[in-house]
1. Not counting the cut sites, what is the longest span of the chain without GluC sites (Glu not before Pro) that DSSP labels loop and that have at most 14 other Cβ atoms within 10 Å?
2. Tell me what the chain gives for mean residue ellipticity at 222 nm when only DSSP H runs of n ≥ 4 count, each as -39,500 (n - 2.57), the sum divided by the residue total, rounded to 500 deg cm²/dmol.
3. Ser238: accessible area at probe 1.4 Å, nearest 10 Å²?
4. On a full-extension model of 0.36 nm per residue, what is the gain between Leu273 and Arg205, subtracting their alpha-carbon distance, rounded to one decimal in nm?
5. Looking only at Cα atoms, what is the convex hull volume of the chain per residue, in Å³?
6. Express in % the proportion of alpha carbon pairs of region 270-314 at distances exceeding 13 Å.
7. Let me spell out the model: positive unit charges on the Cβ of Lys and Arg, negative unit charges on the Cβ of Asp and Glu, origin at the Cα centre of the chain. What dipole size does that give, in debye rounded to 20?
8. What are the lysines whose alpha-carbon lies under 23 Å from the alpha-carbon of Lys223, with same-chain residues fewer than 8 places away excluded?
Amino acid sequence: MLLREAAYIPLTIARQYGGAAGLRRRQLDGINRMLAVARTRVPYYRDDPRYAGGPLRTLADLARLPVLDKQVLREQPLERMLADGVDLDDCLSFQTSGSTGRRVRIVHDQDSHDYHMAACVRRFLATGRYLPTDRLSHIRPFAPPARMFERFKLFRRHVILSHRPMREIKEELLANRPKVLIGYPVHLRALLRALTPEEMAELRRTLRIVMTESELLLPEHRKLFAEQFGAPVFDEYSAFEVLNVTYDCRHGRAHLGEDRIYCEVVDDNGIPLPDGEQGHVVVTAFLERAMPLVRYNLGDIGLIEPGRCRCGRRFRTLRLTTGRSNDYVTLPSGERLYPDAFLHLAATHPGVSECFVHQDAEGLVRVHVVPTDEAGEGVYETVRHKLFTLAGGEFPLEVVPAETVRITVGGKGRFVTSDYAAPLT
């Protein structure tokens with residue numbers, strides 16, 4: 001497995017720069033191969049006449065197939081989503097983060113996972129600042145097993161569990177003297193609040209790269225991390241269901257891993273939108289064989305950026321815009337406020353370090369504000385005024401103090417939840 005993964009690395013690097021026409025042919029061939037497995041060996045697809053038929057003639061034909069929603073994975077028994085004859089002992093299993101409800105088991109075959117791991121190497125190389133011998137500290141909810149090459153001091157990863165007391169996190173981080181720091185944005189913001197000026201100066205003496213993952217990264221927070229940590233910031237977008245989706249290059253654009261996924265941005269009816277238009281992010285990871293997911297809706301909102309990136313990569317770039325498509329509060333006007341509105345508030349409003357929001361079944365929006373040390377009592381009233389201005393008028397709203405942001409079982413920040421069912425208009 002390690003040898004196969006190593007053999008894939010030069011291939012994944014070279015494919016970033018191949019011709020666009022060859023890339024699209026490879027994607028179409030990969031999708032048709034995956035669909036052949038899904039139609040004949042996976043009960044869920046085999047029993048649905050919408051998936052019957054021959055190979056797709058063009059990538060545009062993929063839009064004729066239904067969008068697969070997360071709710072399907074919650075409702076279907078695992079065996080209906082698995083290909084016949086799959087040996088789970090030969091696969092890798094993951095649990096989704098639980099940010100939208102019940103956690104779901106996801107299975108990847110070893111070969112597709114090896115290619116994914118090889119492709120992850122280019123995530124680091126795309127920064128233009130990373131060396132395989134660099135010390136790396138990774139703040140995350142769980143510790144994966146060590147890899148064999150780490151014995152040779154290559155791609156060494158020092159994991160610090162995010163649920164530990166901040167005092168211990170700081171001690172381990174500073175003792176490791178990392179050149180690379182990786183973490184969820186919510187954990188990195190907490191770290192920034194906890195580090196003293198002396199500790200920050202010590203960390204900055206070795207730190208060369210900051211990498212973020214697993215949550216929406218606002219431009220304001222990217223700028224904050226770059227200024228405070230004194231290092232450029234590179235984001236990654238991934239999901240346990242399809243693994244890596246995008247990785248940042250040194251020009252700050254998020255390149256889709258198009259040698260293993262095909263991404264669409266679609267409207268509410270699953271119709272692909274033109275580049276530059278915002279919609280639901282739908283992904284088909286076409287190398288998967290154990291548990292193929294065809295046109296899988298990741299639950300996020302974004303857009304395909306027009307034009308090629310200056311870095312020379314042929315892979316298209318994706319920009320996430322407002323956060324999860326099912327995380328929002330509904331105003332009396334029918335307008336929605338998504339997580340980006342509240343993350344932006346936390347990033348720019350004086351006296352606010354974090355905030356999270358819940359809308360109850362009656363429509364009341366309760367904003368929990370984690371104040372900064374310098375915040376006065378008036379911060380809650382200014383937050384009310386800011387939100388009323390953003391919404392274009394008053395709505396049922398309470399602003400209350402909180403000690404910390406809510407964290408899901410998967411370690412992510414849960415910034416917006418709602419029990420409100422807006423009336424149909």
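1. The longest uninterrupted stretch comes out as 1-276.
2. Computed ellipticity for the chain at 222 nm equals -9000 deg cm²/dmol.
3. Probe radius 1.4 Å; accessible area of Ser238 about 30 Å².
4. That works out to 19.9 nm of additional length.
5. With only Cα atoms used, the chain gives 150 Å³ per residue.
6. In whole percent, the share of Cα-Cα pairs in region 270-314 beyond 13 Å is 64.
7. 1840 debye
8. Answer for Lys223, where 23 Å is the Cα cut-off: Lys170, Lys179, Lys386, Lys412, listed by chain and number.
The values are calculated or read from the model by the stated rules, or taken from the named source; none is laboratory data. Bear in mind the structure is a predicted one, so any value in this text is a computation, not a measurement. Neighbour counts are summed over all protein chains in view; Cβ atoms, including those assigned to glycine, are modelled from backbone coordinates with ideal geometry. Note: areas computed on protein heavy atoms with side chains; ligands, DNA, RNA excluded. Shrake-Rupley method; radii C 1.70, N 1.55, O 1.52, S 1.80 Å.
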